[in-house]
Structures are given as structure tokens and as C-alpha cells.
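For reference, the structure is listed below as C-alpha cells.
No value in this document is a laboratory result; all are computed from the given coordinates. Remember, it's a predicted structure, so these values are computed and weren't measured experimentally. Because the Cβ atoms are built from the backbone with ideal geometry, glycine has one as well, and the counts that use them run over all protein chains shown.
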Amino acid sequence: MLGIEPKRPRCIRGALQKLRQDPKRVESRAVPLSGRVRGIPALFINGVSRLMVLSKTKAVPIAIGTLQTLRELRWPLGVSSMSLVGALITAGVADNLRAANPARAVFFVATNGNDGWSGHLVTPNRRKTDGPLATVERAVKTTRELRRKSSGVLSSPVEIQIRDGTYFLPEPLVLGPEDSGLKISAYEQEQPVLSGGRRIEGWKEAHVEGKRFWTAQLPEVRSGKWFFRELWVNGKRATRARHPNHGYLTIAELPDKTPDWTQGHTRIRFREGDFLAWPSVTNADVVAMTRWVESRLPVVSVVDKERIISFSKRSVFELMPGDLYYAEGALDFLDEPGEWCLDRAGSLYYMPRPGESITNIEAIAPVLDQVLRLEGRPESGNFIERLRFSGLTFSHTEWSLPETPLTGNEKPEISPEPQPEIGGFAQAAIGVSGAVWGKGARNCVFEECHFVHLGNYGLDLGCGCFRDQILGCELSDLGAGGIKIGETRIREMADEQARENEIRDCSISDGGKMFQSAIGIWLGQTPSNRIVHNLIHDFFYTGISVGWTWGYGPSLATNNLIAYNEVHHIGVKSDGDGPILSDMGGIYTLGRQTGTTIDHNLWRDIAGVRYGGWGIYFDEGSSGILAKNNIVYRTTHGGFHQHYGETNMVWNNIFAFARDHQLQHTRPEPHRSLSFQTNIVYFDSGVLLAGDWSGDRFEMDHNLYFDTRSGTNTGAFPLGAGTWKQWQARAHDRNSILADPLFAAEKENDFQLRPGSPAFQIGFRPIDLRNIGPDTSPEPVRLHRFQFTSGHMGTLFTITLYTTNQAQAEAAAEAAFQRVAALEDVMSDYRADSELMRLCDQPWGKPVQVGEDLFDALEQAQKYARLSGGAFDVTVGPYVRLWRFGRKRKVLPTSDELATAAKAVGYEKLRLNAKNRSVTLLAPNMRLDLGGIGKGYAADQALKVLNSRDIRRALVAASGDIAIGDPPPEQKGWKVDITGIGRHDDKAVRSILLHNCGISTSGDTEQFIEIGGVRYSHIIAPKTGLGLTNRIQATVIAPNATMTDGLDNTLCVLGPQRALSLVEKLPGTGAMILVKDGEQTRAFVSKRFKRLLSNHE
């Protein structure tokens, strides 16, 4: 290594003094570097503005600034004894050296920065004369100035590092070709947010018609310069005031007829009682769903007498009676905590959530529709290249339907064409842009970025975007969809085509908040992309969409790879919202796609409202696609559908548990359309085939089919296209078999094949999906075990959880216990002031509106009452009161007392109305008792609270009712011991490993009474009003603790044979029933419970 040493002087102080006298007179020459100064590698100074540390292998730059800064850093400049092996003191030579071998230029941005500072310091210096920059915009300008000074020649990267905090942008940050090579990243592990929004301040409390609000005045809204339809309060999306608060209304009629289905409506007729001409209703938008799109329709009038709502825009397509809709935005709708409303006079209203304070509210409303724009110019060959964005969060944007026609590149190619008078787009919310938008971006990377709290798509890379990567990013809380790659039009010039991009290890969820027809990942006219190892869930429409050519015309969407992705809850969300749209798929394709492969993906829980909830959906013209090694289950309308296309191959897949039909083929064509081979189709409802399977221009063979209802009976097999014999006579499935494939545990979604499976006879190869979804392994986090106990509902609730620190554990446990305490206030039958008891005190025959928790618990209870034929019954309160009295006095209820109580008992005497969340008691003196389901329900709710705080490895035990989350670290499950039936038998008769389920045990081991030599259990038979006298104990495993709590007593009442018959009918449910007769104990075990025991014992 060579350094540059001045002839004299030979110490840093002397060198600096010489430089101050006359920098130009200092001569320099190259000398070998050797030695160290007090353990520090040799140093040299570029002028007076930059310090570099030289090691044996390379020069390491330290961005410093001024001599004053050096002193403040306490660098030992005054130590004259320091020998300097090499120091550059000549300003001119320094400039030359900087251009030839520049220091790595790093500029810092912080909320406590100043755009007048250098940006070279991470924090402000003590005298506040230098430090980080204040804005990202200034940092970008600084990097451009650096490039200009260097004549654009920089051999080292230029980087902007952003500190923690939210940076509100006055306009989108625009990067162009001159910024190529720039890296913008989060400083270390901090989480900066680039926001397109603005904080709302000046809140005051107000009361309107008895409602308590917080209000703020926005002059820009009053003057017409600003309006918004989204708001985030304290880091959460607030709900724009909505009617109804939850769920949807249905269109009664259409007063006008349209020329054809592609022409929309401007008026609808609502059902009696659904809508009113509220004073503020013209501030509202109706969001109407039809076919596969939503329409956002501003209300102009409501005529109560005719039940007609009129709009200023027309719907995208013809609406139909029964279509779903809701309204939002009117002050009259503002009636629930977390809702807000903005009127055109500039008044913003917000109804606070519990626990929120007006003194520390952070409310952010969107101003910009984009946060970041990458503006290359591919049409002239001028690209923006090698940008890297790392650890950034992009938030708070909103995209609204335009008031003027879209033109040029903004106008998507789709029919019907977007127009200002139409309230949406014909598919995929295709005209909605991304919060981050790119054109002509090449070899750019987004890594570990967060696109959250947005009103549009997250990322939109269009014309000329080539070999870009989106790696390990999170996209959630999205007004529209996740990522768009490509365009709707076909570009002839290769440089203008979007191609060869990669989306890997991303989590994309919770979309369609504003535009319900948006998609998780959309690939338009773009070839050779890789969509791999992603998790996509909770969209109202499609998970992944590929292609944009309807029919057999030209298409660019070829050679795309869709592999190792998990896509679930499409059409219907995880919280049960939906379905609201139709004609969708876990993956949806269009047009010719030679070379496109769909391999090793999981597609599940996909639902359409009228039709079209398919797993793999080859729509119009889809051709040349290979779908292999996929698992598809729980769809409403089929695991696979081909509308029409040619030479598609569907090989070695599993399709299971579609509701209406399993496979669909719609249009017969003269060419070979489909090869369907070595697949397993497993179902328990509907038929095998739907649509039109005439013409026989398809190949179906070497498949395994199994209907759990008909088994291998070919005569009873529900083919849906004639009989099995007729089907084979048409040369289809001649080498296929009807047989149970012997899945490991299909009801638990385990589709691995057991040894000896007949599927091997057809050449089926096992599908290993252990590596699907994002790879989150690079950064292992050490989790610690914590346990907390608190008394509620007459027992102890124990929470065991794993997390990184005690503070987080304590806060989460406290929140979970508060949730349980709140539920006790709702469901207790010991407290006269509980919501349940207040309900029971209401006059019988009168509908009473109740809270969500009570209604939900009663709804669950009624479900188990119907399933068990009344063996479970929450109306047994009168019996329970008699037995409580009898236990105290050790006397049985009299026959007259039981007969009187019986008049008020019977689950059919309890009526629930989900539409208005009301409960009606249909007999006098009814008393409801949720003791048979309440603890399990509370345990589930407590677990949900923990999950909402990112604690998923947790267990909540409420005595014998346990809600179980993800397993402990490096374990297969939580070990649960099942004890014997004897009161003092604490020895576990079974041990089992469980995760993501509930388990409950009930019997008379602890609670019983002996009267007249007869032992009576605390479990009461609703049909007789008497406690059980047989010694019985039931342990139930089911998807949640609410279900297990509701079933354990029920199974004891039914007795072992009837109990097992019920359990075998319930998905994901297993039970073990112990019956003690003298000294003998007999065990009755369901099939699923046996499998669990054999796997984990």
C-alpha cells in the first residue's frame, strides 16, 4: 500500500499548521506505509474536510467535516509525538485523489437534522453547527451535487441512511437516471417512515346529537384543495363511518334497464328499512359489488318513499338484485369507536377507541397518491439503474378515481374503458397506481421494505422495468393490492418491456380496503418473472394474476415461474368478511403463456359469492401453462377451472374439499385443451365435474378420485357428467382409480401419503411443501418463556408465552387478562349487572340488541345446541339455579321444581337475529348460562390479543379449557397431559403434543354431590334437568377452545357411542371418552384422537 507523505513537517499538528499558512505550497510524494500510532492504523487527511483510516488492506473513510469536528470527536491532533507515516496535505492533490479513489459518500437524515448541515454526522454535534440533514429531498440533492463536482465519476456507492421517525413529504420523491447507483436505507436497525400524509392537529372534543367526538378543522378541505377517504389513528387504519357497521346490504331491485351487462347503473332500489335520506347522506359513497368488481358511487339523493338511491357516477357493470353494497362517509353513520367522517365544510370527526387520549392522538391523513417515483426514460434508452432501498417504510397515500379522463400511459387497456363517469375499473382495480411507482428501472432492489397503511397498490413497476428484485418485503393494510409488474399494453421494443423481475420472500396481506377487486401480485404483459416463496392472503379478489390478453391474441406473459408460494383466504378473509365478489382464483391467468410454470404452491380457503371461487383458474385463452405439484383445498367452486385454452398441463396436484364441484371445464373447442394426469381429487360434497365436458378434446387419465360419501362405488360416484362407466367409454380416465389415497390427516390439512397409498399406483409423486412461503430463517431471535396467572370467571387463567423480553410479555399478558375480565362482565351469570343477566331481565318476547361478544358467544352456543340435538343448551339456567341451591343444602330439586324450570328451558326458545344483532327470549323466566362455553371463548379471545401483539407461541389455560397457539421454540407442540377419571388420579394416562387448536376436559372428578347414596355430577342433562350419575370424562380437541368447551360437557351428556358419532362428523375434531364402571375404566377414542396419540405419544 502506498500513502502520500509531505517532506515536512512529520506530525499532524505541523501539517495542519503548514496547511493553514499556504496549502498550495505543500509538496507530496508517495511512500510505503508502515507502523501504527498507539494501536491506530496510519492516518492521512484529505485537505481539512475528510479523515481516512488506512489498514493493511484498504483505506477506510470516516466522514468528518471540519477541524472543529475533529476536536469535538476528541481526536488527538495535539499530540506532537504521534508519528505520521503518510499524510496528504495538498488540497489540489486531495481533490484529484478524491475523484480517482473517493471515500464512500454517506449522508445521514434525521428528524433532528438541518438541511443546512453537511449530513456527514449521524447526530448533531455538541455546538449544533453540523449534523444530519433534515429531509430526504435535501439528501438526494446533496448526492447529485457530489456527482456534479466529480463530473459524474464515482467509483464508490453513494448512500443515504435515514434515522428513525416519520418524514412527511410535500411531494413525491422523484429519482431519475442521474441517481443511478444510489442506496437509500434505514440507519442500522431503525425504522424510518416515508409518508405521503400529514398529521392532523388541533383536536377538540365535541358532542353531536348525544354522540361524543373529537373534531378538527381543515381549511384546505373547506376551500376544495384537499379531501381524503382514509385516516390512520395511532398507527391503525380508522374506519370511514360505515352503514352497516359490519357486513353488507343487498340490492332489492334496479329501477332502470341497461343496454347490456357491460353498462352500469346510476340508481338502485334498497330494501325496506335498509337505508334512509339522512341529512348527511350526500356526503356518502355507496360501494356496490357485482361480478368481479366494486363500484364507488357518490350519493346525490335518496328518496325514502320510492326507496331509491341515485349516484353521480354509474357502476362499472350492470348491477343485479342481491348484489352486495355498503355506504360510507356520512356523519349520520358515525356511531362506533374507531370510525371517522370528513365533510366538505372541512370538519373532521373521529370517535375515539377505548384508551385513546385527545392529548396524544396521532392522526395521519393522506395527501399524496405516491411517495416515490422512479422516472427512467426507456423509450430513449435512458434508464435508472442499480438503486437499492433497504429497511424503509412507505405509508399514507391515497388514490382516488379521477375527475377527468385518463390519457396516455395512465390509461389502462381494458373494456369498458375507464371514464370519469364510471365508479371503478373493469378488473383488478387496474387503473390504481402504486405508492411506489417505477418506469425504466433496471437492476433495482427493494429489500426488507414495508409498504403499509396505503390507499392504493404498494409497488408498481411498469414500462421498461428489468431485472428488479423485491426481496423480503412486507405489504399490508392496502387500499388496493400488493405489487404490479408490467402493463396492460404490449410493448414492441424490448427495452420498453417489463421483464425478468423477481418477487421473493415477501408477505402480502390485508388488501382491498378501498378497491376490493385489487390483487396480491399482478403480472401484466411481462415475461420471464419469478414469483417465489411469498405469502399472500386476505384479499377479496385474486391472489396472483398473470397475463392481460383475453383469448388467443398476442401476449407477452410467457415463461413466468410461480413457485413455492402460500396463498390463502382469497375472496373470504381470515376474519370471515366475504365473499363479496365472484370469478376469482388463488391464481388467475389470461392468454397464451408458453413456458409459464405453476409449481409447488399451496392454494387454500378461496371463496366466491355467486360463482367462481377456484384454486387454479385458467381463464380466457390461457394456454401453454404447466401446473404441477400444487395442493389446493377448501374452495367454494372447485380446485381447478379452465374456461378455455389449449395445451395446458395439470399434473401431479392434489385438489381437495371443494364445496360445489371439484373440476370445471367451460368451453369445448376443436383443439386439445387440457392434459389432466396423475392428480388426486378428494372430496366430501358436490360433484366431480361441472361445466361443459363435451367434445372430448382433453386428456384425463392416471388420476385418483375419492368421494368420502360413495367410496369406491362406481355406480354411486358423483361424476356430474354421466356415469363413471360412460365416462370411461369416452376414453377418459381408463387408467385412473377410485380409491382412498390414505392421506396422513386430511381433516388437519396434512396431505402427505401414508405407506401403501394407492396413489403410488398411478405414478403420483409426493408433494413436499415444507419450504413454501417466505424464508424467515436468517435472523434467529432468542425467545424466553414467561408465565402469568390471574383469577377470572371463578377459576385461574394461566398464560404461558414465548417472546423476546419481559416488558413485552407483561404488557401482552395484561392486555389478554383485561380482555378476559371484560368478557366476564359480559357473560357472568353470578353478577346481576352483567350484560347476560341484564338480557335475562328483559321482558320475554321482546328483541333486545346486545353487544358483539355476547351475540357471538350465544351464536356459537346455539350452533352446538343444534349439532347435539339439545345436549348442549345455554337455556339451562333455571336448572343450574336449582342445583346450586341443592348442592348447598344437599337436597335434590323436587319434581315440581324441575317441571316449572323445564318450561323455561330449551334452545329453541332462544332466537337470534344476526342482521340487527338482537336476542329474543321466547318464554317467561328464562335464564341463560354460558358456563359451558364461556371459559373456552375467553381463552380464545385472550390468545387473539396475544397474537395481535405478535406473540404467537402461546397457551391460555382456563382450568380445563385451553387455547393453544404456535408451538414453543424448536418443539412440535405443547405437551398436554390427560389425567385419569379418578379424583385423586393425577397420573397422566395420555400425553399429547398440540399446536394451533383447543383442548378441553370435563367430568365429575372435581365437581359432584352425593345425595341419598347417589353421586350426581355438576353436568346437567338439559332434557331431564338432573345431574349425570354415570362416571364419565370427555377430552376434546378441536380447532379452537370455544368449540372444545362447548363439546366436552355435551359428549358426557350424549354418552360414548352418540358422542363419537357426533365427533366424527366435525372437521378437525377428536375426542377421548373415559367411562368408569366400578374399578374398570373403558376408553372410547375417535379416529383423529387415535392419530394424534400415535403421532405424539
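Here are some notes:
- Ascending count of other beta-carbon atoms within 10 Å, so fewest first, for Ile361, Ile503, Ile1037: Ile361, Ile1037, Ile503
- Of every Cα-Cα pair in the stretch 1016-1097, the percent that sits beyond 16 Å: 51 percent
- Links that overshoot a 20 Å alpha carbon limit, given the list Lys846/Lys915; Lys972/Lys1090; Lys257/Lys411; Lys1023/Lys1087: Lys257/Lys411; Lys1023/Lys1087
- Cα Rg over Rh - the chain, Kirkwood: 1.02
- Computed [θ] at 222 nm, deg cm²/dmol, the chain (DSSP H ≥ 4; -39,500 (n - 2.57); rounded to nearest 500): -4500 deg cm²/dmol
- Under the Debye formula (equal points on every Cα, no solvent term), log10 I(q)/I(0) of the stretch 870-925 at q = 0.20 Å⁻¹: -0.76
- Each residue, Thr804 and Asn559, gets one label point 7 Å from its Cα in the Cβ direction; the gap between the two is 4.2 nm.
- Paired Rg and Dmax values of the stretch 252-351, which use every Cα atom, in angstrom: 13.9, 44
- Zone residues, the stretch 330-371, relative to Asp825, backbone N less than 14 Å from point 7 Å out along Cα-to-Cβ: 354-356
- Alpha carbon centroid spacing (whole Å) that separates the stretch 724-776 from the stretch 481-519: 33 Å
- All Cα-Cα separations within the stretch 500-583 were binned at 10 Å from zero, giving a P(r) of 18, 44, 32, 6, 0, each value a whole percent of the pairs.
- With R₀ set to 35 Å, the beta-carbon distance separating Ser918 from Thr789 gives a calculated FRET efficiency near 0.40.
- Estimated FRET transfer efficiency (Arg1015, Asn947; beta-carbon r; R0 35 Å; 0.05): 0.25
- Stretch gain in nm, segment Ser574-Asn771, where the contour uses 0.36 nm per residue and the Cα spacing is subtracted: 68.7 nm
- Annotation: amide H-H contacts under 5 Å for Ile160 (H modelled 1.01 Å from N, sequence separation of 5 or more, or interchain): Phe107, Lys183, Ile184, Ser185.
- Estimated FRET transfer efficiency when R0 is 30 angstrom, pair Ala1083-Gln818 (beta carbons, to 0.05): 0.15
- Net lengthening on full extension, Phe760/Gln726 (0.36 nm per residue, minus Cα-Cα): 9.7 nm
- Largest first and in whole Å, the equivalent-ellipsoid semi-axes of the stretch 199-365 read 32, 16, 14, each the square root of five times a Cα gyration tensor eigenvalue.
- Debye log10 I(q)/I(0) for the stretch 581-779, one point scatterer per Cα, at q = 0.09, 0.14 Å⁻¹: -0.30, -0.76
- Footprinting exposure proxy ranking of Met584, Met700, fewest other C-beta atoms within 10 angstrom first, gives Met700, Met584.
- Distance (nanometres) between label positions extended 7 Å along Cα→Cβ at Glu1064 and Asp260: 5.5 nm
- Taking Cβ atoms as reference points and 14 Å as the exclusive limit, the residues near Asn916 contribute a net charge of 0, counting Lys and Arg as +1 and Asp and Glu as -1.
- According to the calculation over all Cα-Cα pairs in the stretch 301-369, the P(r) per 10 Å bin from zero is 13, 34, 32, 17, 4 %.
- Taking every Cα-Cα distance in the stretch 330-484 and sorting them into 5 Å bins starting at zero, the pair-distance distribution P(r) comes out as 2, 8, 14, 16, 17, 15, 12, 7, 5, 3, 1, 0 percent.
- Label-to-label distance, Ser694 versus Arg866, with points set 7 angstrom from Cα along the beta-carbon direction: 4.0 nm.
- Size of the stretch 433-588 as Cα extents on the principal axes (Å, biggest first): 45, 37, 27
- Kirkwood Rh in Å, taken over all unlike Cα pairs in the stretch 551-633: 13.2 Å
- Counting beta carbons within 10 Å around each of Glu699, Glu908 and listing the fewest first gives the order Glu908, Glu699.
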